[in-house]
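The values are calculated or read from the model by the stated rules, or taken from the named source; none is laboratory data. Every value quoted in this text rests on a predicted model; they were computed, and no experiment measured them. A quick note on method: Cβ atoms are made from the backbone with ideal geometry, for glycine too, and the neighbour counts reach across all protein chains shown.
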Amino acid sequence: MPSPRPDRTPDHRVAAWSVLVILLLVVPLVWSPHRLAVAAPETPNIVVIMLDDLDWPLLEAALPIMPAVQELQARGTTLNQYFVTTPLCCPSRSSLLRGQYAHNHGVLWNRGEPGGSGGFEAFHRLGRESDTAATMLHDAGYRTGLFGKYLNGYPMSMPDDYVPPGWDDWAAHASVDREMFFHDYDLNVNGEIVHFGDGAQDYSTDVLRDFAISFLTSAPADQPVFLMLTPYAPHSPSEPAARHIGTYAGPAVPLSPSYNEDDISDKPLWVRALPKIDDATGADIEAIQTNRLESLMAVNEMVQQVVDTLEDTGRLESTYLLFTSDNGFHYGEHRVPFGKVTPYDESVNVPMIVVGPGIPAGVESEALAANIDLLPTFLGWVGVRPPAFVDGRDLGGILLGATEPTRHQILIEQFEDPGERVKKGGKPGKAKDVSASGTPTAKLSQVALPPFVALRGETFMFAIYQTDEIEYYDLVTDPFALDNRAADLSPEAVAQLTQLTNDLAACSGASCRDLEDQIVEFPLSSP
């Protein structure tokens with residue numbers, strides 16, 4: 001479930017963390033609903049299934065048609081307050097691989113250009129590929145594999161057969177000159193470009209699933225594996241598999257109270273510039289959401305077959321499996337008809353389900369967590385010390401319920417798009433055609449907005465835009481961010497929050513964790 005929820009506040013964290021109160025002395029314990037069992041393996045397998053543009057409302061609507069993901073929730077822990085620190089594909093994926101905020105790894109946007117700060121081009125040019133989750137786990141003895149989307153723009157100026165360091169098995173989308181995600185695309189398969197066509201057998205989610213299953217079945221039984229399985233679904237054009245087109249018969253994705261927000265007079269100028277969503281656009285949104293739901297049916301099959309293969313190969317009980325997304329997505333919330341890159345939860349609060357040795361079953365955690373935490377958590381499971389450049393923290397003890405969270409806020413940062421310079425004050429972006437074969441035709445505005453830095457706390461969101469506008473939401477009383485109460489903050493509170501936000505925007509390594517752990521008090525000047 002997305003966070004925060006009207007019926008839950010951080011006070012309910014106590015229930016989540018009371019599942020295990022035994023301090024871990026030497027090795028983690030394996031917990032099940034029925035018993036405490038044997039010690040977790042020293043070298044567990046790690047499997048990450050990361051979708052593209054999956055938001056919480058869509059997943060909640062899809063769960064009835066995704067029983068494999070429901071089973072993951074039943075077997076593991078759901079992190080309700082898990083955030084991506086820059087809500088855009090390439091910066092977010094770079095943060096996962098490096099354990100860093102974007103202002104430290106330097107990949108600030110999707111677009112890659114020589115000497116620029118976006119896409120695979122920046123990640124490679126800045127030397128970030130020399131130290132990633134892949135290289136570190138490979139050096140720790142893991143067999144590593146990535147199947148699906150790597151970083152936007154890959155391989156750009158590198159040779160077509162380029163495979164980044166640290167990856168033993170590789171089948172990554174390499175169609176940099178055109179956005180063909182589901183059919184008629186190229187994969188770099190271990191250094192060989194392979195084209196996949198328009199047939200049902202070429203549907204990318206299925207092709208990537210088969211690569212992953214082959215990887216799991218062919219890896220030596222005595223060698224741990226690190227698998228990243230990264231399909232494009234439900235990213236637009238959200239093309240379902242042929243077998244699933246027209247089969248979704250469930251209800252529409254429920255509309256949030258923030259959908260087509262009526263009173264935006266308290267919002268920043270970029271929101272106030274957005275028109276209300278008309279009936280025609282609303283109908284297009286609903287049709288696209290249906291396609292997104294149908295595209296997740298193949299993902300459900302993928303998840304189930306990966307789990308079955310882990311069981312068949314004897315790896316399941318020693319595997320940490322994570323199900324997540326690189327960012328969320330707006331479909332009409334706060335009048336944003338189509339897009340991300342906002343500080344609102346629709347963009348930044350994404351699903352995260354973790355299953356594995358010692359992870360409590362059926363638990364919902366309210367601990368603040370972020371994509372920068374995944375690398376140090378992986379290394380913690382393996383027993384490797386994270387490099388000093390890592391900004392995130394090891395979530396292992398929190399996931400076990402053995403340690404209390406100390407973090408009270410996370411930095412959200414969004415940078416200027418070098419391809420669409422935004423004038424001070426913000427403006428709606430150009431219309432983006434998201435039509436494709438099998439999907440409804442629609443031109444929905446991909447919103448452009450001023451760069452910002454924001455704090456996402458346990459109970460609040462505070463944002464500062466390049467336009468000097470600020471937002472503050474009390475997410476306990478206003479979970480859908482409808483009432484901007486920045487004007488009700490005392491000058492002292494604004495100064496304190498601004499200082500902490502700016503300090504985090506300049507932090508690195510351990511200083512980030514220290515700043516995130518600070519307790520701030522900012523009483524409203526009026527009730």
If you go through the range 6-28 one residue at a time, do you hit one that is in a strand (DSSP E or B) and either surrounded by fewer than 20 Cβ atoms within 10 Å (Cβ to Cβ) or modelled with pLDDT under 50 (or both)?
-> yes
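Having 1 or more residues that are touching a strand residue (DSSP E or B) at 6+ places or on another chain (Cβ under 7 Å), farther than 30 Å from Ile245 by Cβ and of a type outside the set (Val, Ile, Thr) is the bar; report the strands (runs of 3 or more DSSP E) wholly within the range 89-205 that clear it. It would help to see each step written out before you state the result.
Details: elements: 143-148, 169-173, 185-189, 192-196.
It comes to 143-148, 169-173.
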Of (1) at pLDDT below 50; (2) part of a strand (DSSP E or B), Leu455 satisfies every one except (1)
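Farther than 30 Å from Ala487 by Cα, over 23 Å from the mean Cα position of the chain (by Cα) and hydrophobic (A, V, I, L, M, F, W, C): does that describe Ala298? Can you show your working first?
Details: farther than 30 Å from Ala487 by Cα: yes; over 23 Å from the mean Cα position of the chain (by Cα): no; hydrophobic (A, V, I, L, M, F, W, C): yes.
Answer is no for this residue.
Of the residues Leu255, Leu274, which is part of a loop (DSSP other than H, G, I, E, B) and in contact with a Pro (Cβ under 7 Å, 6 or more places away or on another chain)? Even if it seems obvious, please write down each step before you answer.
Numbers: Leu255 fails: in contact with a Pro (Cβ under 7 Å, 6 or more places away or on another chain).
Result of the check over Leu255, Leu274: Leu274.
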Which one of Gly191, Gly197, Gly166 is farther than 23 Å from Pro114 by Cα, more than 21 Å from the chain's Cα centre (by Cα) and surrounded by fewer than 21 Cβ atoms within 10 Å (Cβ to Cβ)?
-> Gly197
For the range 96-103, does any single residue satisfy the condition of being modelled with pLDDT of 95 or more, buried (at least 20 other Cβ atoms within 10 Å of the Cβ), closer than 23 Å to Met302 by Cα and touching an Asp or Glu at 6+ places or on another chain (Cβ under 7 Å)?
-> no
Yes or no: Ser157 within 21 Å of Val390 (Cβ to Cβ), surrounded by fewer than 22 Cβ atoms within 10 Å (Cβ to Cβ) and modelled with pLDDT under 95?
-> no
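Mind listing whichever residues of the range 299-340 are aromatic (Phe, Trp, Tyr) and more than 30 Å from Thr43 (Cβ to Cβ)? Spell out the reasoning first.
Within the range 299-340, the first condition is being aromatic (Phe, Trp, Tyr), and the residues that meet it are 320, 323, 329, 331, 338.
Once the filter is applied, which keeps residues that are aromatic (Phe, Trp, Tyr) and more than 30 Å from Thr43 (Cβ to Cβ), the range 299-340 yields Phe329, Tyr331, Phe338.
What number of residues within the range 352-380 satisfy the criterion of being in contact (Cβ under 8 Å) with a residue 24 or more places away in the chain and out of contact with any strand residue (DSSP E or B) (no Cβ under 6 Å at 6 or more places or on another chain)? Before the answer, list the steps.
Of all residues in the range 352-380, those in contact (Cβ under 8 Å) with a residue 24 or more places away in the chain come to 352-376, 378-379.
Imposing the further condition that a residue be out of contact with any strand residue (DSSP E or B) (no Cβ under 6 Å at 6 or more places or on another chain) reduces the set to 361-362, 366-367, 371-376, 379.
Result for the range 352-380: 11.
Would you be able to say whether some residue in the range 73-80 is touching a Pro at 6+ places or on another chain (Cβ under 6 Å), modelled with pLDDT of 50 or more, outside any helix (DSSP H, G or I) and surrounded by 21 or more Cβ atoms within 10 Å (Cβ to Cβ)?
Yes, the range 73-80 has at least one match.
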